[in-house]
Every structure is written in C-alpha cells, then in structure tokens.
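Read through the structure below, which is laid out as structure tokens, and then see the notes.
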Amino acid sequence: MNEVLQLGSEYFSSQFGGVPDGLWSAPGRVNLIGEHTDYNDGFALPIAIDKRTTVAARARADRLLRVTSSSFPGMMEVSLEDLDPDALTGWAAYPLGVAWAMSRAAAAGAPDGAGSGGASRMSGLDLALTSDVPAGAGLSSSAAVECAVALALNDLWELGLDRQELARIGQLAENRVVGAPTGIMDQSASLLGEPDHGILLDCQSLVTETVALGFAGAGVGLLVIDTRTSHSHADGGYASRRRSCEDGARRLGVGSLRALGPDDLPRAAAQLDGQTYRRVRHIITENQRVLDTVAALRTSGAAAIGPFLNESHLSMRDDFEISTPELDLAVAGAQELGAIGARMTGGGFGGAALALVRNDDAGDVAGGIARDFARAGFTAPHIFPVTASEGARREL
Ligand code: ADP
Ligand code: MG
C-alpha cells in the first residue's frame, strides 16, 4: 500500500475503528484553458492533477451516514432519511450533498434504468476523507471530494451510474446543496482525467475527448502559482459574471453564448453596453482559444500553445475583470522569466496562476516569482509542479 492510501486507511481507523471496506480517490484539476466557458455551454480543457482526495468507506448495518475529514474539524452525522439539501452546511455539504444527490438518483432510477431499485441497497456509511489537494486554491478540492465520494457510493450502493452521471451528481451537489452555481468542468476533469492528457469538454453536448498533451516528450511542464489569496467578493463576482453572460445572450437572441463566434463580435459591440460586451467578448474569444489550443497541441506540439495562454490571461484581466494584482504579477513574472505561456486559472478573484515552462527553466521561474512577490509585499506564494494524472479510481 502506498503512503497516501496508508494514511487514508489509518485515518479511517482512528476515527471509526476497524478497517474500511474500500478506498477511492479522485484528483483535483487545473484548467489549462477555457475559463467561465462551462456555464456558457462552451469549451474547456482541464487536466486532472497529481493531487488527490481519498475516501475510505465502510457500509453500516443501519441508515446512519457519518463523515469526517482530516482537513476540517468535526464529525458530521445524519441518517439517510434526514438528508436535507437545505440543512447541510460547511464542508460536510460536499460529501453529504453527494449522498443526497445519489440517493435521489437511486430513488428516481438512473436514466438507463441501472439505478432503479437501488434505493433498497442503500446502507448507512462511515466515510473518512484525506487529501493533498489544497482547498480554495482554484484546483477544485471541492470536485475531488465530490467525485471520490460519488465513486465510493456508486460502488457500495451498487448504483451502476456511469462517469458522466457521476459528474452531474457532483455538480448537482455543488449547485443545490453548497449553493455554488458552478458548471460541470471540475467534476468532468476529476472523473475522466488521464496521464499526460487534457479533457476537451464540450459543455453543450457534454461530449468529452482526451487530448494528448505531449508535455513530457517536449521537456515542458506546468507550474501552479497559488497566490494564497481569496477575495471576499469571489462568490458574488462569479454570480455577477454569470448574470452578465446570460444577459448578453438574451439581448443577442441566443440561448447561450456558445451559439456565437468571432464573426458575431461587431454585432455584439453594436447591441450591448460596454461592460456586457467585454464579458461576452471574453467568452467568445476564450471558446476559440480552447479550440486553437487543441489544434496547436495536435499539429505543432506543446511549445506552440503559449500565445493562447497569454491571450487568455489578458482577456480575463481586461474583459472579464476577474484577475487580481497577485495573479497579474505571477503571470507577468512567469512570462518575463521565459515561460512558454501563463495565465490565471480557475474562477478568479484570487487562487492560482498557471505557467507552462521548459523543465530546465522551472526553478528559475519559481524563484523569480517568489522574489517578485516578496518585493511587492504580497503573501509568499506556493509554487509547485503538477502533472496530468488519472481520474477518479477505486484504490483498494
Ligand atoms: P476549490 O474547489 O477551488 O478548492 P471551493 O471553495 O470550491 O474551492 O471548495 C473548497 C471547499 O471544499 C472547502 O472549504 C471545504 O468545504 C471543501 N473541501 C475541500 N477539500 C476537502 C476535504 N479534504 N475534506 C472536506 N471538505 C473539503
Ligand atoms: Mg471548487
């Protein structure tokens, strides 16, 4: 057993006694490109990373759900009958929100019928979470929890849901129970990731395609610069950007901004107020950059995608206005120090930036950004490499 699984198992024993029935894990993700496009039915290219949340789980003879996390205090207990999406709060809303969404899917029967009758197989559970995905850094620790728990419950409750259905369950938990109006990108990446591949996600059809990154072969890699800042208006900012996009789509007579392309920009400029236009322009150009990035990876290789990453950052800074001084400094520093490309990643208003660097330059880039932050008087960033890794899986 590797060290991470050992830790997960030991943590379970320390909380509940005995040994778990099994261990499941799911990764966090970093979004290579395609930001705020998911709720606009657009394209994104996330990557499952080599940081994971593990859930050790054991079925109980009764109907009680107990969940505990090594990262957050308190043991939460609720019986399956009392699972109420409006009553779940704090970190336990993520794992128990998934339990609520799964029990709902089981009661309704899965779309393909596999889940019908599943409700009778639902026992209570003891769940213990351990993780090395930093929370709140834009690496989707929330989806890692949701997807690890969803996979565990799917197995233990024998629901037979497929990974696309599990992704939607994670999203439902986050939207309905946590109350965060997020799209399906994070859960898709966490469930569908593969080593050295990105996941091209079409958020309209929900069709996904793995895209070879070829990073190792090209001698390049990704550095995450976690600024360790998060702004109190992040949730409000996210919701207001979402409203602007919906508003822009309505005024342009389309169901979602996905229906528009670069050719529609002049019409959008003529019909929309300046701010809504800039929000819309970000989404339209960002969708195009995702497709251009995929094409460049396929035809020219990893070193060719830098300009798309850099343009994506400018679009988020100037048009979507979701960057921060810390994120801008991280990106500018990476670019000056020779990164192939860099951009803020995740929802914005804090969190992390991403730099694609030649492996030989990684140390210099990281050191230079750390110095820039110190000089600016910013909180010291956490800078670490990530590699594209396998999605959620049963470990034991
Ligand atoms: P992100 O997904 O970018 O890390 P979010 O705000 O979406 O940030 O999710 C972070 C929240 O997810 C945490 O505040 C906590 O409630 C929950 N969470 C993340 N990791 C864990 C964990 N290991 N155990 C329990 N809850 C977790
Ligand atoms: Mg999240």
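The values are calculated or read from the model by the stated rules, or taken from the named source; none is laboratory data. The structure presented is a predicted model; accordingly, all values stated were derived computationally and were not measured. Note: ideal-geometry Cβ built from the backbone for every residue, glycine included; neighbour counts use all protein chains shown. Only protein heavy atoms, including side chains, enter the accessible area calculation; ligands, DNA and RNA are left aside. Shrake-Rupley method; radii C 1.70, N 1.55, O 1.52, S 1.80 Å.
Sort through GLY347, GLY306, GLY338 and tell me the only one that's touching a residue at least 60 places away in the same chain (Cβ under 8 Å) and not aromatic (Phe, Trp, Tyr). Full working, then the answer.
On the way: GLY306 fails: touching a residue at least 60 places away in the same chain (Cβ under 8 Å); GLY338 fails: touching a residue at least 60 places away in the same chain (Cβ under 8 Å).
Exactly one of GLY347, GLY306, GLY338 is touching a residue at least 60 places away in the same chain (Cβ under 8 Å) and not aromatic (Phe, Trp, Tyr), namely GLY347.
Test ARG228 against the stated conditions and say whether it is in a strand (DSSP E or B), charged (D, E, K, R), more than 14 Å from ligand 2 (Cβ to nearest atom) and open to solvent by 10 Å² or more (accessible area, probe 1.4 Å). Spelling it out, ARG228 is indeed in a strand (DSSP E or B), charged (D, E, K, R), more than 14 Å from ligand 2 (Cβ to nearest atom) and open to solvent by 10 Å² or more (accessible area, probe 1.4 Å). Do you know which of the residues in region 189-207 that are under 21 Å from ASN154 (Cα atoms) and open to solvent by 10 Å² or more (accessible area, probe 1.4 Å) is farthest from ligand 2 (Cβ to nearest atom)? This residue is GLU194.
Looking at region 141-173, which of the residues that are open to solvent by less than 10 Å² (accessible area, probe 1.4 Å) and either of a type in the set (Gly, Ala, Ser) or not assigned by TED's automatic domain parsing to the domain that holds LYS51 (or both) is farthest from the chain's Cα centre (by Cα)?
Looking at residues that are open to solvent by less than 10 Å² (accessible area, probe 1.4 Å) and either of a type in the set (Gly, Ala, Ser) or not assigned by TED's automatic domain parsing to the domain that holds LYS51 (or both), I get ALA152.
Taking the condition within 15 Å of ligand 1 (Cβ to nearest atom) and farther than 18 Å from GLU35 by Cβ, does ALA189 pass? So ALA189 fails the test. The sole residue among ALA304, ALA296, ALA270 that is out of contact with any Ser or Thr (no Cβ under 6 Å at 6 or more places or on another chain) and farther than 24 Å from GLU336 by Cα is ALA270. Among residues that are crowded, with 17+ Cβ neighbours inside 10 Å, at pLDDT below 95 and either among the hydroxyl-bearing types (Ser, Thr, Tyr) or within 12 Å of ligand 2 (Cβ to nearest atom) (or both), GLY138 is included. For the condition within 16 Å of ligand 1 (Cβ to nearest atom) and in contact with a helix residue (DSSP H, G or I) (Cβ under 9 Å, 6 or more places away or on another chain), what is the one hit in PHE308, PHE349? None of the others qualify; the one that does is PHE349. Restricting ALA135, ALA105, ALA92 to residues that are assigned to a helix (DSSP H, G or I) and within 19 Å of the chain's Cα centre (by Cα) narrows the list to ALA92. Here is the figure for region 1-43: residues that are of a type in the set (S, T, N, Q), in contact with a Leu (Cβ under 9 Å, 6 or more places away or on another chain) and farther than 22 Å from SER140 by Cα total 1.
Name every residue in region 73-90 that is surrounded by 13 or more Cβ atoms within 10 Å (Cβ to Cβ) and more than 24 Å from GLU158 (Cα to Cα), in order of residue number. Residues satisfying the conditions are MET75, LEU88. Only one of these conditions is not met by ARG176: (1) more than 16 Å from ligand 2 (Cβ to nearest atom); (2) open to solvent by 40 Å² or more (accessible area, probe 1.4 Å). Which number is it? For ARG176, the failing item is (1).
What tally of residues in region 37-68 results from selecting those that are open to solvent by 10 Å² or more (accessible area, probe 1.4 Å) and not charged (D, E, K, R)? Residues in region 37-68 being open to solvent by 10 Å² or more (accessible area, probe 1.4 Å) and not charged (D, E, K, R): 5 in total. Just for region 179-188: of the residues that are among the polar types (S, T, N, Q) and buried (at least 24 other Cβ atoms within 10 Å of the Cβ), which one is nearest to the chain's Cα centre (by Cα)? Across region 179-188, the extreme among qualifying residues is GLN187. Checked against (1) in contact with a helix residue (DSSP H, G or I) (Cβ under 9 Å, 6 or more places away or on another chain); (2) away from ligand 2 (no atom under 14 Å from the Cβ), SER79 passes all but condition (1).
Got a sec? Which of ARG250, ARG267, ARG281, ARG243 is of a type in the set (D, E, K, R), surrounded by 14 or more Cβ atoms within 10 Å (Cβ to Cβ) and part of a helix (DSSP H, G or I)? First the steps, then the outcome.
Values: ARG250 fails: surrounded by 14 or more Cβ atoms within 10 Å (Cβ to Cβ); ARG267 fails: surrounded by 14 or more Cβ atoms within 10 Å (Cβ to Cβ); ARG243 fails: surrounded by 14 or more Cβ atoms within 10 Å (Cβ to Cβ).
It is ARG281.
I need the strands (runs of 3 or more DSSP E) fully contained in region 12-79, keeping only those with at least 1 residues that are free of Cβ contacts under 8 Å to residues at least 24 places away in the same chain and more than 17 Å from LEU200 (Cβ to Cβ). Spell out how you get there, then give the answer.
On the way: elements: 22-33, 43-59, 64-69, 72-79.
So the answer is 72-79.
Criterion first (within 11 Å of ligand 1 (Cβ to nearest atom) and modelled with pLDDT of 95 or more) does GLU165 satisfy it? Taking the combined requirement at face value, the residue does not satisfy it.
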